[in-house]
Amino acid sequence: MRVYRNFIAGQFVEAGTAEKIEVRNPATGAVFAEVPAATDAEAIEAVLRAAAAQKAWGRRPAIERGEALRRLAESLQKRAVLIGAALAEESGKSLADATAEVGYGVELMRYHAEWARRIEGEVIDSDTPNETLLLLRVPIGVVACLIPFNFPIYTLVRKIAPALIAGNAVVVRPSNTTPTCAFAFAEAVAEAGLPEGLVSILTMTHDVAATLCTRPEIGMITLTGSVTAGRAVLDFCKENIAKPSLELGGKTPVIVEPDADLDAVARMVLSAKTAHCGQVCTSVERLYVHASIHDALLARLKAGFAGRGFGNRATDASLMGPLASEAARRRVHTMVERAVAEGAVLEAGGVLPETSGYFYPPTLLSGCRQEMEIVREEVFGPVLPVMAYSDFDEALRLASDSQYGLASVVFSNDYRKVMQAATAMEAGELYINRFPADPYQGYHAGWKRSGLGGDDGRHGMLEFTQTRLVILNH
């Protein structure tokens, strides 16, 4: 049994309690590691050390902060396979996919390092003679970073890289489902020589996370997670009026018009729906197909879903992997059972395999209706409801009829309809003839219950700053 230590202020420290959190391999269900459950005192120490380190870090020229991020990127690159191996074992990803995720994190770290000379304020004319208004961008202070299980390395970088380049310190709480890769990441932080206290990474219970997030030194809480978790973070933010940045649930609609290439669409839908067993925030969650091509596309999807194998990707990387937990598997299956009871037609999958791992087959449902739970609530698994529509206006209305608004997809080569979707779709992202892939330089932000604030690009980096207006009389 592997046992880990929390990373506080640049050092791996012995646990202050005997309480441990078990980590399971989702492909086998077996416990393979234990991580420490941080105490309130340890969380508070991490925050206080971060607050102390941030003062000097925020005063450093941004170009020096950028050099530190580049060193960290190099350290991550050297450890990519080791970090990837930890991630693969606790997530069910293949080693190649897990290592590639570290590689994406390296590139994202380098991208944010380049903002060193691009953090800009504004010069504003004053109404008063001999006076100039200067609007400065300055650090917030200490940022609490709450990391999800599905892309735990990429999302960790997505939060700490812009936070650090903007002059903040961070305290990271990894997911208790996938924490060991975060401690492997911490080894890269230690090697990169960042100032002590600037980055801490601790595993903890929800109660201790509340202690962390409600400390007065915390100026911002950034979360990628569920709507329920987002509401909890907003409660934490109320304590000290901390700034929230939330990327929450999604229910990505995909509209397929008659001029689409059905073979290509079927391949892309299958790939997107089964990537990481559907545990992707922007994964296709509902498919709207024009009535004239509905049956033809459904037949292609049925063949693809029925033929897609699943199993342990450590032994066969071509397979679809497991869900994160047994609870997740049971929840997904229960949603499928309710959909069938409400009249959906099970075209493929929909059975609970008798396996030791948390596997669920690719599942395709036709005959679905807009009011069904399977259409309205996020599944976060390899399940796809399909519906027919009669015209594009109806498709846009159905696609936007959701509590979520993270990403959306349209397959069409008619530029008029594409532009109609671009102005009407109620979502933070719209992809045309492709599936979501979150470009580094874009801005990944959700509408409605999909979140507040956003990640990536200039706008994502500026989320980690606050403004100071200087009224300069001269």
Can you give me the distance in nm between label points at Glu120 and Arg434, each placed 7 Å from the Cα along the Cα-to-Cβ direction?
2.6
Using 1/(1 + (r/R0)^6) with R0 = 35 angstrom and r between the beta carbons of Leu469 and Thr423, what's the FRET efficiency to the nearest 0.05?
0.55
Measure nothing but the geometry: give the 0 to 90° angle between the long axis through the Cα atoms of 62-78 and the longest principal axis through the Cα atoms of the chain, rounded to 10°.
50
Region 64-80 and region 162-184 have their Cα centres apart by a whole-number Å value of 15
Rounded to the nearest 10 degrees, the helix 80-91 long axis (Cα) sits at an angle to the longest Cα principal axis of the chain of 50
Pull up the cross-link candidates among the lysines for Lys273, meaning alpha carbon to alpha carbon under 18 Å and not fewer than 8 places away within one chain.
Lys93, Lys251, Lys302
How far, in degrees from 0 to 90, does helix 95-113 lean away from the longest principal axis of the Cα atoms of the chain, to the nearest 10?
40
In the list [x] -0.17, -0.34, -0.56; [y] -0.19, -0.38, -0.62; [z] -0.55, -0.79, -1.03, the entry giving log10 I(q)/I(0) by the Debye sum over Cα atoms at q = 0.05, 0.07, 0.09 Å⁻¹ computed from the coordinates is [y]
Using the 2.2 N^0.38 Å rule of thumb for compact globular proteins, work out how region 400-445 stacks up: its C-alpha Rg over that value, please.
1.14
Calculate, axis by axis, the spread of Cα positions in region 252-383 along the three principal axes, and write the results as whole Å, longest axis first.
43, 31, 23
Students often forget the sequence filter, so: which aspartates and glutamates lie under 14 Å Cα-Cα from Lys20 once same-chain residues fewer than 8 apart are removed?
Glu34
Counting only heavy atoms of the protein chains, get the accessible area per residue of region 240-290 (1.4 Å probe) and round it to a whole Å² value.
25
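Got the relative contact order for region 406-468 handy, in percent, Cα pairs under 8 Å and 6 or more residues apart?
Answer for region 406-468 is 28 percent.
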Residues of region 82-193: accessible area per residue with a 1.4 Å probe, Å²:
33
Ignoring ligands, DNA and RNA, what percent of the 1.4 Å accessible area of the chain is carbon and sulfur?
52
Positive end of the dipole of region 15-91, charges at C-beta (+1 Lys, Arg; -1 Asp, Glu), about the Cα centre: which of Ile63, Ala18, Leu48 has its Cα farthest in that direction?
Ile63
How about Lys238: which lysines have a C-alpha closer than 25 Å to its C-alpha, ignoring those fewer than 8 places off in the same chain?
Lys55, Lys159, Lys448
Please compute one quarter of the surface area of the Cα convex hull for region 192-302 and express it in square nanometres.
10.9
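Mind pulling up the Rg/Rh value for region 352-474? Radius of gyration and Kirkwood radius, both on Cα.
Values: Rg = 19.4 Å, Rh = 17.5 Å.
With Rh from the inverse mean 1/r over Cα pairs, Rg/Rh is 1.11.
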For the chain, what does the relative contact order come out to in percent, with C-alpha contacts under 8 Å and a separation of six or more?
18
Short version: what are the Cα gyration tensor semi-axes of region 2-161, square root of 5 times each eigenvalue, largest first, in whole Å?
37, 21, 13
Distance between Cα centroids, region 344-363 to region 1-54: provide it in whole Å.
35
So for each of 315-321, 407-413 I average, over its residues, the number of other beta carbons within 10 Å; can you give me the resulting order with the highest mean first?
407-413, 315-321
Picking from Gln441, Leu298, Thr274, whose Cα lies most toward the positive end of the charge dipole for the chain (charges on Cβ: Lys, Arg +1; Asp, Glu -1)?
Gln441
Rounded to the nearest 20 debye, dipole of the chain from Cβ charges on Lys, Arg, Asp, Glu:
600
Alpha-carbon centroid distance for the pair region 240-313 / region 427-474, whole angstrom:
24
Stretch gain in nm, segment Asp263-Ala341, where the contour uses 0.36 nm per residue and the Cα spacing is subtracted
25.0 nm
Volume in Å³ per residue [convex hull over Cα atoms, computed for region 88-210]
139
Equivalent ellipsoid semi-axes, region 165-242, via Cα gyration tensor eigenvalues times 5, rooted, Å:
23, 16, 10
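The values are calculated or read from the model by the stated rules, or taken from the named source; none is laboratory data. Because the structure is a prediction, the values reported are computed rather than measured. Every residue, glycine as well, gets a Cβ built from its backbone with ideal geometry; the counts of neighbours run over all protein chains shown. To get the accessible areas, we keep the full protein, side chains included, count just its heavy atoms, and leave off ligands, DNA and RNA. Shrake-Rupley method; radii C 1.70, N 1.55, O 1.52, S 1.80 Å.
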